[in-house]
Amino acid sequence: MSALPDSQDKPLAAQILLLNPNTSQQTTALMARQALACLPAGVRLQTATAARGAAMITDEAGLAIAEQEVLRLGREFADADDSPRPCAIIVAAFGNPGLDLLRAALPAQVQTFGIGEAAMLQAARDAEGLPRRFGIATTTPGLEASIAASVSALGLTPWFTGTRIAEGQPLALAADPALQCERLAAAVAACVDGDGAQAVVIGGGPLAEAALWLAPRFAVPVLSPVVAAVQAALKGLQLQTLEQV
């Protein structure tokens with residue numbers, strides 16, 4: 001695991017682990033940059049990257065392999081003597097592999113969040129907390145069934161307009177970020193214009209930067225799952241701190 005320092009020299013009030021179930025250190029760094037930009041002073045970010053599995057999870061088999069790595073790294077973080085409290089773990093793969101296992105295995109004071117779960121919950125409510133229709137744009141057709149199952153498990157199916165898949169092979173698109181963004185833009189447009197989505201989630205941790213690039217191009221919110229999960233974690237940490245006062 002690697003630690004990233006605070007932007008200011010203040011005592012640590014909380015700590016978040018960004019746990020990448022993919023084996024790509026580059027993806028971990030990409031997501032960490034986005035997460036750090038969301039953190040207030042006093043919250044420390046730590047990162048961990050899976051040692052085995054896929055460099056990019058593109059199907060349900062990859063999700064299954066990642067589960068045990070998530071559980072191992074999450075337990076390691078929770079058991080560390082120097083982990084300040086309160087703390088949180090973000091499972092930074094859109095399929096939330098191992099999230100339920102972590103919630104069952106870890107003590108209650110270690111809060112756990114998945115980027116897919118957090119983004120869907122955020123997308124399904126507007127700024128006033130009212131329900132809104134949302135879609136998902138991604139590059140991984142092998143995860144479409146898993147995404148639909150996650151939506152259903154969260155009770156969000158009535159507001160889900162469906163998943164749109166960017167044209168092209170996932171790994172080939174990942175190797176060409178500019179093309180990947182353009183293909184995702186077409187998928188977002190299909191969610192909005194074809195399906196009536198009022199918000200669109202970009203479905204993938206490695207795609208998080210594309211979400212920031214695409215957001216200004218659309219009249220509806222285009223959500224980064226990494227940002228959504230960090231925001232959910234910060235809210236959870238704030239509530240936990242208030243309960244401890």
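The values are calculated or read from the model by the stated rules, or taken from the named source; none is laboratory data. Since this is a predicted model, take the numbers as computed values, not measurements. No Cβ is skipped: glycine too gets one built from the backbone with ideal geometry, and neighbour counts run over all protein chains shown.
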Tell me, please, whether a residue that is free of Cβ contacts under 8 Å to residues at least 24 places away in the same chain and out of contact with any helix residue (DSSP H, G or I) (no Cβ under 6 Å at 6 or more places or on another chain) can be found in segment 47-61.
yes
Look at segment 34-55 and say how many of its residues are part of a helix (DSSP H, G or I) and closer than 24 Å to E67 by Cα.
2
Of the conditions (1) touching a helix residue (DSSP H, G or I) at 6+ places or on another chain (Cβ under 9 Å); (2) surrounded by fewer than 22 Cβ atoms within 10 Å (Cβ to Cβ); (3) more than 26 Å from L212 (Cα to Cα); (4) modelled with pLDDT of 95 or more, G98 satisfies every one except a single condition; which number is it?
(2)
With respect to the numbered conditions (1) under 27 Å from I16 (Cβ atoms); (2) at pLDDT 95 or above; (3) surrounded by 15 or more Cβ atoms within 10 Å (Cβ to Cβ), which one is the sole condition not fulfilled by A104?
(3)
I'd like the full set of residues that are buried (at least 18 other Cβ atoms within 10 Å of the Cβ) and among the hydrophobic types (A, V, I, L, M, F, W, C), limited to segment 214-233.
L214, V220, V222, L223, V226, V227, A228, A229, V230, A232, A233
Only one of A108, A137 that is in contact (Cβ under 8 Å) with a residue 40 or more places away in the chain, farther than 17 Å from V230 by Cα and not in a helix (DSSP H, G or I):
A137
Against the conditions (1) assigned to a strand (DSSP E or B); (2) among the polar types (S, T, N, Q); (3) in contact with a Gly (Cβ under 6 Å, 6 or more places away or on another chain), where does S146 fall short? Just the number, please.
(1)
Can I202 be described as among the aliphatic types (A, V, I, L, M) and buried (at least 22 other Cβ atoms within 10 Å of the Cβ)?
yes
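Filter the helices (runs of 4 or more DSSP H) completely within segment 151-230 down to those with at least 2 residues that are without any contact (Cβ under 8 Å) to a residue 12 or more places away in the chain. Let's see the steps before the verdict.
Values: elements: 170-174, 177-189, 208-214.
It comes to 177-189.
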